[in-house]
Structure formats: C-alpha cells, structure tokens
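Every number here is computed from the coordinates shown, using simple stated rules; none is lab data. It should be emphasised that the depicted structure is a prediction, and the values quoted were computed from it without experimental measurement. Note that we place each Cβ from the backbone using ideal geometry, even for glycine, and neighbour counts take in every protein chain shown.
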Amino acid sequence: MKTVLSQFIFGIKVFFRGLSIKNTTKIAFFMIKRYFLGRPVPFSVVLAVTYKCQCGCVHCSVADYAREAQELTAEEIKKIIDFVDDWGPVKVTFFGGEPLIRPEIADFVAYASSKGIRTSIDTNGLLADEDMILGLKRAGIGNINVSVDSPDLDAHDRLRASAGCFNSAVAALKLCAKHGVACLVSTYASKTSIADKSLERIITLARELGADGVKILFPILSGKWRESEAERLSPEEEAYLIGLMDPSYVYVEDALEMITKRGKGCSALDRNLVYISPYGDIQPCPAIPVSFGNLRKKALGEIIAYMDNHPFFGKCGSCAMCLMNDPSFRKTFFSRSRGRLPVDVEEL
C-alpha cells in the first residue's frame with residue numbers, strides 16, 4: 001500500500017501537476033476507450049519535431065535516422081495534434097534530435113495544451129534558458145525532461161560531444177525548480193555507469209538541483225550502439241538497475257511499466273506509446289526503426305488502424321527488454337534493412 005501511495009504521489013507531482021478540467025476529461029475518455037472498450041489507444045504519442053541536434057551523444061538511438069528529407073511543417077504537426085485529440089492519447093512528448101531547436105516549439109505545446117493534452121519535452125538543456133522555460137510554462141508544458149549522462153562535468157560533455165552541455169543542463173533543472181515547472185533528470189544505464197556507481201550520484205545530484213524525479217533508460221543496441229554488444233547488461237547488472245527504482249523518485253524505462261512490471265516491460269509492445277518521426281513515419285517507438293506507414297503518403301487514421309491490427313505486436317509479444325536488444329529480432333532486422341531506416345514492417 002505504501003508503494004502504491006508513493007507511486008500515486010509521484011505521478012501527480014510530475015505528470016499530472018495542475019490538472020485542468022480538460023486534462024481530467026481527456027484522461028477519463030482515455031480510460032473508457034482503453035480499458036472499458038478495449039481499444040488499443042496508447043497513453044502517449046512521442047512526436048519528434050526534428051532530428052537536428054547540437055550534440056553527438058555516444059549512445060544516440062536515432063543517430064541513423066537523419067536523411068535528406070523535409071521535416072514536418074508546423075501545419076503538419078498541428079494536424080497530428082488534432083488527430084491525437086480525436087484519437088484519445090493523454091499525452092504528447094515532443095522529441096528529437098533537440099526539440100527546442102524548432103522556433104515554434106512553444107506554439108506546439110500551447111496548441112496541444114489547449115485541447116487538454118498533457119505535454120512534455122526531452123531536451124539536452126542547451127537552449128533551455130529562463131526565457132524558454134517561462135515561455136513553455138505559459139504554453140502549458142506538463143514536464144520537462146533534461147538529459148544528464150554523468151554527474152561529472154567533463155564526462156557529461158565528452159559523452160555528448162558538446163562543451164558546456166553539463167552546465168546548461170544543470171541550469172535548466174534549476175530554472176524549472178525555480179519557476180515551478182515539473183522536471184525530471186533523464187539518463188541511461190551503461191556498464192560504466194553501473195560499475196562506477198555514477199547512476200547513484202546522478203540521483204543524488206537530481207535531488208540537490210530540485211528535480212522532481214529521475215528516469216533511467218536501459219542501454220538500447222540501436223543507433224550509435226547498433227554494434228555495441230559489449231553494452232548488453234548482464235542479469236546481475238539488470239538486477240542492480242531495477243534495485244535503484246524508488247516509487248517516490250526513480251523509475252526505469254517508463255512510469256507505467258514501473259507500476260505494472262517493475263520497469264522490465266516494453267512500452268511500445270505493450271501499446272503504451274506510438275512514435276511519429278520528423279519525416280512522418282509511424283513507428284512503435286523511437287528506438288525501433290520499423291515503419292507502419294508515412295502520413296504524407298497515407299492518412300494517419302488509416303496507418304493507425306493498420307498498426308492496430310498488424311500481427312507484428314502479437315508475433316513479437318510483450319517483451320522483457322527492448323526489441324532492438326533481442327538477438328533474434330536484430331539478426332532478422334539488420335539482414336533486411338539494407339542500410340535503409342526505418343524498415344517497412346512488411347519487409348520483416
């Protein structure tokens with residue numbers, strides 16, 4: 001009971017702070033559609049607004065995606081938000097690349113918020129100055145997730161290949177705390193961060209900076225780590241990572257998965273999220289480069305209906321790890337990708 005109460009308080013503090021009537025109505029309709037009518041409506045949509053970024057992170061899971069193509073226009077992004085409003089997800093996460101690079105980002109947040117959709121942003125912090133934080137707060141941002149790869153300045157900037165990134169991330173977290181914007185430290189596990197206990201020091205740093213919690217991601221063998229089998233965690237390392245979970249402050253992978261599976265499920269395969277790329281490809285999540293269609297070639301509603309009924313999810317099942325970390329799937333995927341990403345689901 002104590003754990004459930006802690007999770008509830010954490011959820012309200014971070015994800016549902018300052019709920020409006022529109023937010024509450026949106027959540028109610030989601031619950032009805034998902035749990036009473038049995039429709040596979042995801043809890044959230046991860047909407048990448050650009051693949052551009054100032055950093056060159058060693059672990060970037062979308063590093064292979066950028067290509068010569070026009071990114072979604074502001075009008076297209078607002079049409080996606082319109083669709084999400086009718087479809088039923090509770091939340092939109094603006095993702096990248098670095099989403100704050102888009103000059104219209106506060107407008108996107110305001111547009112989604114006006115419809116009762118909760119919003120969040122994942123950022124490296126480089127553009128998250130006081131004007132940006134205040135602008136996002138006025139737009140109705142729900143929470144801001146700031147990436148911290150190491151508690152040490154030099155190590156963080158080296159891992160991100162961006163001088164000054166650590167100080168910017170720290171400043172962004174302090175500004176969020178100062179102005180009452182819910183914020184999380186977003187980080188990832190690696191064999192190094194587990195061995196040297198730096199994950200524990202990141203959690204301590206997050207508390208000191210006034211962050212509302214910490215999100216830790218498992219290493220994903222995708223993007224720049226596509227060939228990094230050495231980063232695959234051992235059972236003992238996974239157990240250590242799960243042991244860091246704190247229902248009141250720290251979760252692994254996904255907040256919903258923390259509640260249902262102690263952080264060992266897959267949000268994509270459990271249909272808790274859907275990813276839309278800056279080029280309009282509809283994927284299970286950012287790390288699984290499998291496309292069910294492109295909204296510039298087919299209506300988004302048709303793609304979602306096709307996705308809902310596709311055997312991909314039943315065939316892959318509910319995974320205890322990221323699908324990209326599954327040796328069998330990886331072998332099939334990379335033998336058929338032929339260097340093109342994302343891969344059409346019908347080619348698998």
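Summary of values
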quantity	calculated
Contour minus Cα-Cα distance for ARG340 and ARG201 (0.36 nm per residue)	46.2 nm
Calculated FRET efficiency for the pair SER248/GLU68, C-beta based, R₀ 41 Å, to 0.05	0.35
Length released on extending from LYS191 to ASP308, taking residue separation times 0.36 nm less the Cα-Cα span	38.5 nm
Relative contact order (percent, whole number), segment 195-250, Cα cutoff 8 Å, 6+ residue spacing	36 percent
GNM top mover of GLY280, GLY210, GLY243 - the chain, alpha-carbon springs below 10 Å	GLY243
Rounded Å value of the spacing that divides the Cα centres of segment 191-227 and segment 31-105	23 Å
Sequence-separation-based contact order of segment 141-199, relative, with Cα cut under 8 Å and 6+ spacing, percent	46 percent
Distance between modelled label sites at ARG17 and THR332, nm, 7 Å Cα→Cβ extension	4.3 nm
Gaussian network model of the chain, springs between alpha carbon atoms under 10 Å - residue of THR119, THR73, THR50 with greatest fluctuation	THR73
Set of lysines with alpha-carbon distance to LYS297 below 19 Å, sequence-local pairs under 8 removed	LYS78, LYS79
DSSP bridge orientation in the chain - percent antiparallel, rounded to nearest 5	15 percent
Whether the chain is rounded, prolate or oblate, judged on the alpha carbon gyration tensor where a/c under 1.5 counts as rounded	rounded
Surrounding net charge for ASP107, when Lys and Arg each add one and Asp and Glu each subtract one, Cβ distance under 12 Å	+1
Choice from PRO311, PRO89, PRO99 showing the highest fluctuation, given a GNM over the chain with Cα pairs closer than 10 Å	PRO311
Segments 17-23, 40-46, 145-151, 173-179 sorted - mean Cβ within 10 Å per residue, highest first	145-151, 40-46, 173-179, 17-23
The chain, relative contact order [Cα under 8 Å, separation at least 6], %	18 percent
Cα centre as origin, Lys/Arg/Asp/Glu Cβ charges: the chain dipole, Debye	820 debye
Hits among lysines - C-alpha to C-alpha of LYS191 under 24 Å, sequence gap 8 or more where chains match	LYS215, LYS224, LYS261, LYS264, LYS331
Charge dipole (the chain, unit charges on Cβ, about Cα centre) - positive-most of GLY180, ILE276, GLY11	GLY11
Stretch gain in nm, segment ASN167-LEU153, where the contour uses 0.36 nm per residue and the Cα spacing is subtracted	4.3 nm
Environment charge of GLY164, counting only residues whose C-beta is closer than 15 Å and scoring Lys/Arg +1, Asp/Glu -1	-4
Sites ARG39 and GLU208 - FRET efficiency at Förster radius 56 Å, r taken between beta-carbons, to 0.05	0.85
